[in-house]
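Readers should treat all values here as calculations from the given coordinates under stated rules, not as data from a laboratory. Please read all numbers here as calculations on a predicted model, not as lab measurements. Using ideal geometry, Cβ is built from the backbone for each residue, glycine included, and neighbour counts are taken over all protein chains shown.
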Amino acid sequence: MKRVALTGGIATGKSHVRAVFAALGVPTIDADVLARDAVVPGSAGFEAVKARFGPGVLDSTGGLDRRKLGDVVFADAQARHDLEQIIHPGVIAAIDQWFASLDVSAHHFAIADVPLIFEAGRERDYDIVIVTACQLETQIRRLIARDRITEAEARQRIGSQLPLEEKVRRADHVIKTDGLVATTNAQVHELYKRLMSVAT
């Protein structure tokens, strides 16, 4: 069974593409969900985040305020690195355990949605890397709508990641998500067929 990573820039349509693959019967896992699980109140990750960033990133109930934490880490490369050092080891271990749990006789490939795979230097952990990509203006528009942030904040968050052109250059396959949803879906279906033929 091939280990496939799905990545791309922020707000480039990774979640949609993963959902289309899942609808085709491909096992998928979302690293963002694992990252959130790693810092739930009471967890070791939560305590580490609280110790590193202080009460300013907590909400009124004492839980983690992701918006406040995001404001801190997207403005400070060292803070972002520190947060990744807290979260990434557990996420990587959980993904490895998930792949190991799959029935290899039932699936030709499985997909992990890993947003920062290139930034973390983990692309060699996978047989195939798929990158979702769109125009910068589309990214900004989606990010503003999704996270209710300003254009300046959207540009800052996009700029905190490896340039999308570099991710595209390093990808095994690229799915463009600028156009109609049906166009994106057609690309996913075509890639699904290609990956199935390679894996069989």
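From most to least packed by mean Cβ count within 10 Å, the peptides 57-66, 83-92 give 83-92, 57-66.
Based on DSSP H assignment, which helices of the chain show an axial Cα extent of at least 20 Å together with a mean Kyte-Doolittle hydropathy greater than or equal to -1.0? Before the final figure, lay out each step's value.
Working: long enough: 77-101 (35 Å, 0.09); 181-199 (27 Å, 0.10).
For the chain, where a helix must reach 20 Å along its axis and average at least -1.0, the hits are 77-101, 181-199.
Pick from Lys176, Lys68, Lys50: which is most flexible by mean-square fluctuation in a GNM of the chain where alpha carbon atoms under 10 Å apart are linked? Evaluated over the chain, the most mobile residue of the options is Lys68.
Shape of region 55-133 from its Cα gyration tensor (a ≥ b ≥ c, root eigenvalues): rounded if a/c is under 1.5, otherwise prolate when a/b > b/c, or oblate? The shape class here is prolate.
The fraction of all Cα pairs in region 34-101 landing in successive 10 Å bins from 0 to the largest distance is 21, 53, 20, 6, given as whole percents. When the Debye formula is applied to the Cα atoms of the chain, each taken as the same point scatterer, what base-10 log of I(q)/I(0) results at q = 0.08, 0.09, 0.12, 0.15 Å⁻¹? Ignoring solvent entirely, the Cα scatterers give -0.28, -0.36, -0.64, -0.98.
With charges only on Cβ, +1 for K and R and -1 for D and E, what is the dipole size of the chain about its Cα centre, in debye, rounded to 20?
Values: 25 positive and 26 negative charges, 67 e Å.
Using Cβ point charges on Lys, Arg, Asp and Glu, the chain gives about 320 debye.
Roughly what % of DSSP beta bridges within the chain run antiparallel, to the nearest 5? Close to 5 percent. In the chain, helical runs assigned H by DSSP with n ≥ 4 each contribute -39500 (n - 2.57); averaged across all residues and rounded to the nearest 500, the mean residue ellipticity at 222 nm is -16500 deg cm²/dmol. Which one, Pro55, Ala100, Gln78, projects farthest toward the positive side of the charge dipole computed for region 34-101 from Cβ point charges (K/R +1, D/E -1)? It is Pro55, whose Cα lies furthest towards the positive end. Amide H to amide H distances under 5 Å link Ala11 with no residue, where only residues 5 or more positions off or on other chains count and H is placed in the peptide plane.
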